[in-house]
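Below you'll find the structure, written out as C-alpha cells, and then a few comments.
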Amino acid sequence: MLHCFLTEEELANLTKVFNNFKGVGVSLSESGETGDHIKGQGLLEYGKELGVVEDTDPGLLLLLWKLGSTVHWEVLREEFVGGWTTFGAGTLPKMKQKLAEWRKEIENTDNFRRFYFWIFDYLKEEHKTILLLEEATTVWSMLSLDKQWALWPKFQTYLEAAKVKSISKDTWRQFYDFIKVHPTTLDSYDEGGSWPVLIDEFVEWAKTGKVDMDD
C-alpha cells in the first residue's frame with residue numbers, strides 16, 4: 001500500500017501534470033494511439049522540465065527507474081501518480097529536486113550498480129536476454145563509462161571489427177567491473193578468470209590484432 005505524503009491540492013496537481021505531458025505525447029503521435037501514459041515527445045518535454053536537456057543525459061532513465069516504469073520509454077498513469085505520491089513530490093519543482101537527489105545517489109557505487117543492472121532488464125529485447133549493440137554503447141556513453149575508461153576507443157574498434165551485434169546480460173553486468181579492474185591497461189588480465197567470452201576475445205584481439213570470426 002502506498003503511503004501518501006501529498007495534500008489533496010498536490011494530488012490534483014500531480015494529475016494535472018500527468019495529463020499535460022500525456023497530451024503532448026498523444027498530440028504528436030503518428031500512430032493516433034491514446035494510451036494512458038506519457039511517452040514520445042511528451043516524455044522528452046517532461047524530462048526537460050526536470051533538467052534533462054541532452055540526449056546523452058541519463059536523467060530520463062534514472063527517472064523511469066525510480067518511477068518503476070515497466071514499458072520501454074514511457075510512464076503509465078499509475079506508475080507516475082503512485083511513484084511521485086510515495087516520493088512526496090506533487091509539483092514540478094519538487095520533482096526536479098528529487099531527480100537532482102537521485103543523481104547524487106548513484107554516485108555511490110552500490111546504488112549505481114543497481115541502476116546499471118536495471119537498465120539492461122528494462123531495455124533488453126523482449127523475451128530475450130540481449131541488448132542490441134547500438135543501444136548498449138549509447139547507454140554506456142550516457143553513463144560516461146566511455147570517459148572513465150582509457151581503452152574505450154580500442155574497445156569500439158574491436159566491436160566493429162568483430163561485427164558484434166548484441167550484448168548479453170552477463171557481458172553487460174561484468175563490463176562495469178572489467179573497466180574498473182583494468183582502467184588503463186590489460187597487462188594484468190587473467191585469461192583463466194571468469195570474464196565473459198566477449199571480453200576474453202577483446203583482450204585477445206588487443207594483444208594480437210586478430211579477430212575470431214568463427215561464430
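Between residue 55 and residue 208, what FRET efficiency comes out of the Förster formula 1/(1 + (r/R0)^6) with R0 = 45 Å and r the beta carbon distance, rounded to 0.05?
Using R0 = 45 Å, I get an efficiency of 0.80.
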When only C-alpha pairs under 8 Å and at least 6 residues apart count, what is the relative contact order of the stretch 109-208, in percent? 30
Dipole moment magnitude, nearest 20 debye, the stretch 109-208 about Cα centre, only Lys, Arg, Asp, Glu C-beta charged: 220
Net charge over other residues, Cβ less than 12 angstrom from the Cβ of residue 90 (K, R count +1; D, E count -1): 0
How much length is gained on full extension from residue 12 to residue 180, taking 0.36 nm per residue of separation minus their Cα-Cα distance? 55.9 nm
Stretch gain in nm, segment residue 162-residue 129, where the contour uses 0.36 nm per residue and the Cα spacing is subtracted: 9.9 nm
For the pair residue 113 and residue 147, what calculated FRET efficiency results from E = 1/(1 + (r/R0)^6), where r is the Cβ-Cβ distance and R0 = 25 Å, to the nearest 0.05? 0.85
What full-extension length gain, to one decimal in nm, is calculated for residue 121 and residue 194 as 0.36 nm per residue of separation minus the Cα-Cα distance? 24.1 nm
Farthest toward the dipole's positive end in the chain, which of 129, 158, 15, given Cβ charges of +1 (Lys, Arg) and -1 (Asp, Glu) about the Cα centre? 15
Taking the structure as given and computing volume of the Cα convex hull per residue in Å³, which label from (1) 149; (2) 283; (3) 190 fits? (1)
With +1 assigned to the C-beta of every Lys and Arg and -1 to the C-beta of every Asp and Glu, and no other charges, what is the dipole magnitude of the chain about the Cα centre in debye, to the nearest 20? 520
DSSP-assigned coil residues among GluC sites (Glu not before Pro) in the stretch 51-95, each with at most 12 further Cβ atoms within 10 Å: 54
Measuring from centroid to centroid over Cα atoms, what is the spacing of the stretch 57-92 and the stretch 132-160 in Å? 27
Give a quick list of trypsin sites (Lys or Arg not before Pro) in the stretch 150-215 that DSSP marks as loop, anything other than H, G, I, E or B, with at most 13 other Cβ atoms within 10 Å. 163, 165, 210
Treating only the Cβ of Lys, Arg, Asp and Glu as charged (+1, +1, -1, -1), what charge dipole size does the stretch 43-160 show about its Cα centre? Round to the nearest 20 debye. 420
With the dipole of the stretch 55-103 worked out from charges on the C-beta (+1 for Lys and Arg, -1 for Asp and Glu) around the Cα centre, which of 73, 90, 63 lies farthest toward the positive end? 90
Obtain the nm distance between the two label points defined at residue 36 and residue 71 by a simple spin-label model: each point lies 7 Å from its Cα along the Cα-to-C-beta direction. 1.1
Quick check on the chain: helices-only [θ] at 222 nm, where DSSP H runs of length 4 and up contribute -39,500 (n - 2.57) each and the sum goes over total residues. Nearest 500, please. -18500 deg cm²/dmol
Rounded FRET efficiency, nearest 0.05, which uses the C-beta distance separating residue 91 from residue 169 and R0 of 41 Å: 0.60
Give the order of 50, 131 when sorted by the count of other beta carbons within 10 angstrom, beginning with the fewest. 50, 131
A student applying the Cα gyration tensor rule (rounded when a/c is under 1.5; otherwise prolate if a/b is larger than b/c, oblate if not) would label the stretch 1-121 oblate
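Read-outs: derived from the displayed coordinates by stated rules, not from any lab. It should be emphasised that the depicted structure is a prediction, and the values quoted were computed from it without experimental measurement. We place every Cβ from the backbone using ideal geometry, glycine too, and count neighbours over all the protein chains shown.
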